[in-house]
Amino acid sequence: MKDGVKNTFLSQANGPVGSKPMNDKERLARLQDELMNIQLKYQKELEKYEKENKELKKQLLLQKEKLRGGKIRKIKKSLIDMYSEVLDELSEYDSAYNIQDHLPRVVVIGDQSAGKTSVLEMIAQARIFPRGAGEMMTKSPVKVTLSEGPYHVAQFKDSKREFDLTKESELVALRNEIELRMKNSVKNNQTISNEVISLSVKGPGLQRMVLVDLPGIISTETQGMAQHTKDSIARLAKVYMSNPNAIILCIQDGSIDAERSNVTDLVSKMDPNGKRTIFVMTKFDMAESNQFNPDRIKKFLRVNCFQ
């Protein structure tokens, strides 16, 4: 019996009976696809139970209000949430962003491994983005709608599940879900995708804004990347930065010279006068000793090195 099960598993991993046997790379890719499908299946089941649980909680609260004789208040959506929904609706009808490209938002751009994730997590006050040691983690635009709320939670636009950002297990689940959605959005053996992943983050003291995190700018294409990935990333960034009403949040690695930065040249071309660009310097503590001087820091702050 055991031998029969083992043989069945091996035949599935190697493809249908009678077909050409797969090599190790093809077998691994197939197993990864199967694992991803299983994850998606259980994620949908989890979302279903989360929705039912939320509805039960709502009914319980309503019953308590009735027993107390109090008035039932309807919670209104904030203006930033409604605005974010407008962006989502437009993106579904206009994938080229021809309509919505003049609507305000904060576009986050930086070289790969420049510290973009750390800055975003500081703004969101939670470690919600996947991390990788020098590896490209952001593979598609991620639109994050920040707004103030009584509880620190995150929720995807197309899901009823709320992630409690005060719990480490929920943070891990959220990061895994973002990473999974990014992988699913990348098709046809490409490295990045134009498909937008939308989520909202609410919490006490959060500033109301719409952020769009973009894949990090790269100088060379490494092994495993699709051809023209460098140009695809730059083209995607230009589309978002060309919006005259967008604020460009440029993350600049302070440990290297601006002349060696890929994002410097790109941003200076899209906003040559720096009127709608905010520069955030990171990693100054890792800079070479000869770069630690007041004149260099002043030069960055005055944006003289980008003109």
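The values are calculated or read from the model by the stated rules, or taken from the named source; none is laboratory data. As the structure is a prediction and not an experimental result, all values here were calculated from the model. Cβ atoms come from the backbone with ideal geometry, glycine included; neighbour counts cover every protein chain shown. The area values use the complete protein model at the heavy-atom level, side chains included, leaving out ligands, DNA and RNA. Shrake-Rupley method; radii C 1.70, N 1.55, O 1.52, S 1.80 Å.
Taking every residue in segment 177-189 that is in contact (Cβ under 8 Å) with a residue 12 or more places away in the chain and pairing it with any residue that is surrounded by fewer than 17 Cβ atoms within 10 Å (Cβ to Cβ) and assigned to a helix (DSSP H, G or I), at least 6 positions away or on another chain, the pairs with Cβ-Cβ distances below 8 Å are 180/36; 180/39; 180/40; 183/36; 184/36; 184/40.
Looking only at segment 147-160, residues that are farther than 22 Å from residue 37 by Cα and either open to solvent by 40 Å² or more (accessible area, probe 1.4 Å) or of a type in the set (Lys, Arg) (or both) come to 3 in all. For first residues located in segment 233-253 and closer than 11 Å to residue 105 by Cβ and free of Cβ contacts under 8 Å to residues at least 40 places away in the same chain, partners that are open to solvent by 20 Å² or more (accessible area, probe 1.4 Å) and assigned to a strand (DSSP E or B) and lie 6+ apart or on another chain with Cβ distances below 6 Å do not occur.
Residues in segment 192-202 that are out of contact with any Gly (no Cβ under 8 Å at 6 or more places or on another chain) and either surrounded by fewer than 21 Cβ atoms within 10 Å (Cβ to Cβ) or not aliphatic (A, V, I, L, M) (or both): 193, 194, 195, 196, 198, 200.
Scanning segment 120-160 for residues that are part of a loop (DSSP other than H, G, I, E, B) and among the β-branched types (Val, Ile, Thr) turns up 128, 138. I need the full set of residues from segment 161-182 which are surrounded by fewer than 17 Cβ atoms within 10 Å (Cβ to Cβ) and touching a helix residue (DSSP H, G or I) at 6+ places or on another chain (Cβ under 7 Å), in order please. Scanning segment 161-182 gives 164, 180. Taking segment 219-307 as the region of interest, the helices (runs of 4 or more DSSP H) fully inside it that hold 3 or more residues being at pLDDT 80 or above and open to solvent by less than 60 Å² (accessible area, probe 1.4 Å) are 229-241, 262-270. Scanning segment 105-125 for residues that are open to solvent by 10 Å² or more (accessible area, probe 1.4 Å), among the hydrophobic types (A, V, I, L, M, F, W, C) and touching a strand residue (DSSP E or B) at 6+ places or on another chain (Cβ under 9 Å) turns up 106, 119, 123.
The set of residues in segment 235-257 being among the aliphatic types (A, V, I, L, M), touching a strand residue (DSSP E or B) at 6+ places or on another chain (Cβ under 7 Å) and over 22 Å from residue 183 (Cβ atoms) consists of 241, 246, 247, 248, 249, 251. The residues of segment 161-171 that are part of a loop (DSSP other than H, G, I, E, B) and aliphatic (A, V, I, L, M) amount to a single one, 165.
Each residue in segment 126-138 was checked for being modelled with pLDDT of 90 or more and either more than 30 Å from residue 230 (Cβ to Cβ) or among the basic types (Lys, Arg) (or both), and 2 of them qualify.
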